[in-house]
Amino acid sequence: MTRRTFLLTLCFSFGLLTMGQTNPFGNALVPDMIADASIVEIDGTFYCYATTDGYGRGLDTSGPPVVWKSRDFVNWSFEGTYFPQAYNEKYWAPSKAVNYRGRWYIYPTVNGYMYPAVADSPDGPFRLIKGNTFTVENRLWERDNVHAIDTEIFIDDDGTPYAFWGSRNVVRLKPDMATIDTMYQTIRTRRTEYSEGPIFFKRRGIYYYLYTIGGDERYEYYYQMSRTSPLGPWETPEHDLVCTTNIETGVFGPGHGCVFNVNGTDDYYLAFLEYGRWSTNRQTYVNRLEFNPDGTIRQVKVDLNGVGYLHKNAKPGQLKVVAATASSEAPDLRIRHNKDERCQRTEQFVPEFAIDGQNGSRWMAADSDNGATMMIDMGHTVKIGRSEIAFVRPTAGHAYKLEASRDGLKWDRIAIHALEKRSPHVDKIGKRYRYLRVSINEGVKGIWEWKVYK
Ligand code: CA
């Protein structure tokens, strides 16, 4: 090493250390922790139903059910819940919502059992089909008292509905969408270990069945296909792996998600959860899904980058934010591996992570900070149309105060908000300012992304 390269190396290392800005979680689909995503495009809007993660209590609970929506696949939002009946239940792995004979159906796993629910709109409010409480008789199907989870719903071109669920099961449904018209079948697969999170779709006359193996950072998807029916017979391609851990791109354990396509196109995508921060603190990512001419699936070299806009940008006019500072910063979180020692990383919580355009990185205040504030700087005075803040754990709600300033000394109050459950929190401003400052009064003291628009 020459003296010059030594100095360059030193500067580079020092830069990394002082900037402290390594984001191991890339650009997640939405600015929140969600798993088991089911995505469908309805009338030009993408709907993402999922398990709400980030409540940090493992499999004992979940966050409340919300549906994230986006017109362009980059800007996502939710307001309140689509399933108020289940707001305080353990709500997991909903199917997508499907339209059948004019009504909308969804199949969540609630308190460990799958239930059929119906609504007049994909926005809800959904309610149980057979009753008003989550009791035994409302369960859609179960076998030998073993909990059945992870419903995938599929309606064939002839209008026949099918339901798939964990442990490789499939049934045909009656037109009431809530009872079974054939006995269950168990799908035989090449891989025989425990499986959950089934994905089922049809493309160019071929039915695809994707099933998981493993879990944690060893989660992966395999598949088989049928040219005949949703009930088989099945053919298993020689190369049947859809996705697995990719150390190079930092994806650990791609698991329960979905496949969807953009209406009217042959563009297919795979959504998958990522092992994330252990336990039920996962985020969801999307990659392109591609096919060979013979209909087989090309293995997805999963990454954390996101796929960008799938429709025209629905929120143009974003202004550049040049700096972010905060009242405090949480200490680094070292995330150890579970079963694969290559899967270790450290999460940092610097203020800059709230303005980096990445949904996998966030600013978090220190636990002891009882007056958590963040300030952003536009670099010069500019007319600000509105502010949009995506707080951490938005399903639990936030109360906050927003102020604005031209010089950083004198502050105008823009708004004070009582606790609301939504993301992002939007404030209209309509005046010229250089700085914005938010004070978080209730809710988790952290921000995934703070965006400002003309
Ligand atoms: Ca971020």
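The values are calculated or read from the model by the stated rules, or taken from the named source; none is laboratory data. These numbers were taken from a predicted model, which means no experiment stands behind them. Here Cβ is always computed from backbone atoms with ideal geometry, including for glycine, and neighbour counts include all displayed protein chains. For accessibility, only protein heavy atoms count, side chains too; no ligands or nucleic acids. Shrake-Rupley method; radii C 1.70, N 1.55, O 1.52, S 1.80 Å.
Across the range 173-184, a minimum of one residue is classified as in contact (Cβ under 8 Å) with a residue 60 or more places away in the chain and small (Gly, Ala, Ser). Just one residue in the set LEU59, LEU29 is outside the structural domain of ASP332 (by TED's automatic domain parsing), open to solvent by 10 Å² or more (accessible area, probe 1.4 Å) and closer than 14 Å to THR109 by Cα; that residue is LEU59. For the range 324-373, the set of residues classified as within 12 Å of the ligand (Cβ to nearest atom) and either surrounded by fewer than 18 Cβ atoms within 10 Å (Cβ to Cβ) or over 25 Å from the mean Cα position of the chain (by Cα) (or both) consists of ALA324, GLY357, listed by residue number. The set of residues in the range 281-297 that are assigned to a loop (DSSP other than H, G, I, E, B) and open to solvent by 10 Å² or more (accessible area, probe 1.4 Å) comprises ASN281, ARG282, GLU290, ASN292, PRO293, ASP294, THR296. Filtering the range 304-316 to residues that are out of contact with any Gly (no Cβ under 7 Å at 6 or more places or on another chain) and open to solvent by less than 40 Å² (accessible area, probe 1.4 Å) leaves GLY306, GLY308, LEU310, ALA314. In the range 70-91, the residues that are of a type in the set (Val, Ile, Thr) form Cβ pairs under 6 Å with partners that are surrounded by fewer than 19 Cβ atoms within 10 Å (Cβ to Cβ) and modelled with pLDDT under 95, at six or more places apart or across chains, as follows: THR81/TYR87.
The set of residues in the range 254-286 being more than 26 Å from HIS311 (Cα to Cα) and in contact with a Lys or Arg (Cβ under 6 Å, 6 or more places away or on another chain) consists of GLY276 alone. The residue list TYR162, TYR100, TYR107 contains one member that is at pLDDT 95 or above and surrounded by 23 or more Cβ atoms within 10 Å (Cβ to Cβ), which is TYR107.
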